[in-house]
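Peer 1: One structure, pasted below without further comment.
The values are calculated or read from the model by the stated rules, or taken from the named source; none is laboratory data. Predicted model only: the values in this text are computed from it and were never measured. Using ideal geometry, Cβ is built from the backbone for each residue, glycine included, and neighbour counts are taken over all protein chains shown. To get the accessible areas, we keep the full protein, side chains included, count just its heavy atoms, and leave off ligands, DNA and RNA. Shrake-Rupley method; radii C 1.70, N 1.55, O 1.52, S 1.80 Å.
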Amino acid sequence: MIGTLEALNRGWQLLHDMGRKPLFLGIRGSIVYQLPRPHQDVDVRGVYLAPTIEQLSIRKPQHTIERTEGQLDFVGWEAERFFHHLLKHNGNMTELLLTPGQLTITNDAGEELRDIGPRFVTQKLHRYYRGYALSQFKRAQQQIRTGKGAVYTYREMYAGIWLLRTGELVFPWAELRAKVEGEGIYRSRLLDEFNMDRELITEDVLLGMRREFNDLTALLDDAVAKSPLPQTYDGYDVCNGMLLRWRSKGWV
């Protein structure tokens, strides 16, 4: 089984071999959430720089690299594309930058990138958690990777509610669930019905899940209405300045 450090180093080397300069890589998915891993895949996501000369040419380089090697599932975004996503308050990008340090690999530019992550923890993430939870719920309803879809539905809702209420992003699922339930915010009657490799969910359980999804949606909407987080963050000048500086150094 591939380890997290091995997966990070392989992703870093993969980018080097393609003539790209890696900046920041982090582990995502079940490992960072400390959920069971029935398929043993290691999800690595990252940011890299394409050669400046290619960015200036008529034929632009690809802005996303996706590779699967054995248990490694790798996705990397060219820095410009990553910033476009981040400036739209894409929660995937914000969470990537906030990944615990022991699950990341970086260089000086990547540390600079990581440092701006907390600025994007705003009320704008409400839309991300709402939308991602809905997509996972639909997977569960359609019996597609059903157990994982069900668990991730609750994980996203709980994470969004807790973040919007407290400003704290909690990755480990057990810790997050304990916080939400311990504070009396919500206690699911169904969560213990699910496991990550479960193939099917009965119609009765799905009906109950629909009711709980509606309850959690209402709590998420209430959390953003009362959230202490800033409404938004306009990071264009900061991100643009970083990108221009990196490009002008001719690192690649």
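Peer 1: Put +1 on the Cβ of each Lys and Arg and -1 on the Cβ of each Asp and Glu in segment 199-250; which of 217, 242, 201 then has its Cα farthest toward the positive end of the dipole?
Peer 2: 242
Peer 1: At 1.4 Å probe radius, can you tell me the per residue accessible area of segment 171-252 in Å²? Intermediate results must be reported in sequence, preceding the final value.
Peer 2: On the way: 4950 Å² over 82 residues.
In whole numbers, segment 171-252 has 60 Å² accessible per residue.
Peer 1: When a/c is below 1.5 the answer is rounded, else prolate if a/b is larger than b/c, else oblate, so apply that to segment 55-140 with a ≥ b ≥ c taken from the square roots of the Cα gyration tensor eigenvalues.
Peer 2: In terms of gyration-tensor shape, rounded.
Peer 1: How much length is gained if the chain between residue 214 and residue 59 is pulled fully straight, taking 0.36 nm per residue apart and subtracting their Cα-Cα distance, in nm to one decimal?
Peer 2: On the way: separation 155, 0.36 × 155 = 55.80 nm, distance 4.70 nm.
Using 0.36 nm per residue and subtracting the Cα-Cα distance, I get 51.1 nm.
Peer 1: Which is the longest part of the chain that has none of the GluC sites (Glu not before Pro) sitting in a DSSP loop with at most 14 other Cβ atoms within 10 Å?
Peer 2: For GluC sites (Glu not before Pro) (loop position, at most 14 other Cβ atoms within 10 Å), the longest site-free span of the chain is 1-167.
Peer 1: Separate question: What angle, in degrees between 0 and 90 and rounded to the nearest 10, separates the Cα long axis of helix 4-17 from the longest principal axis of the Cα atoms of the chain?
Peer 2: Helix 4-17 and the main axis of the chain meet at about 40 degrees.
Peer 1: I need the trypsin sites (Lys or Arg not before Pro) found in segment 1-73, filtered to DSSP loop residues with at most 12 other beta carbons within 10 Å of theirs. List each step's numbers first, then the result.
Peer 2: Numbers: sites: 10, 20, 28, 45, 59, 67; in loops: 20, 59.
Filter output for segment 1-73: 59.
Peer 1: Checking the table 88/226; 124/179; 148/226; 21/148; 60/138; 88/179 against a 27 Å threshold on Cα-Cα, which pairs fail?
Peer 2: With Cα atoms farther than 27 Å apart: 148/226; 21/148; 60/138; 88/179.
Peer 1: Still on this model: On the protein heavy atoms, probe 1.4 angstrom, tell me the percent of accessible surface of segment 34-80 carried by carbon and sulfur. Display every interim value, and only then the final one.
Peer 2: Numbers: 1290 of 2590 Å².
Within segment 34-80, the accessible surface is 50 percent carbon and sulfur.
Peer 1: Also, quick follow-up: Based only on Cα atoms, what mean projected area does the convex hull of the chain have, in nm²?
Peer 2: 14.0 nm²
Peer 1: Nearest 10 degrees, 0 to 90: what angle lies between the long axis of helix 203-225 and the longest principal axis of the chain (Cα atoms)?
Peer 2: Helix 203-225 sits roughly 60 degrees off the main axis of the chain.
Peer 1: Summing +1 for each Lys or Arg and -1 for each Asp or Glu, what net charge is found among the other residues whose Cβ lies under 11 Å from the Cβ of residue 213?
Peer 2: +1
Peer 1: Using a probe radius of 1.4 Å on heavy atoms only, what accessible surface per residue do you get for segment 44-131? Whole Å² is fine.
Peer 2: Result: 47 Å² of accessible area for each residue.
Peer 1: Provide the gained length on full extension for the span residue 238 to residue 102, in nm with one decimal, where the gain is 0.36 nm per separating residue minus the Cα-Cα distance. Intermediate results must be reported in sequence, preceding the final value.
Peer 2: Values: separation 136, 0.36 × 136 = 48.96 nm, distance 2.60 nm.
Extending this stretch completely gives an extra 46.4 nm.
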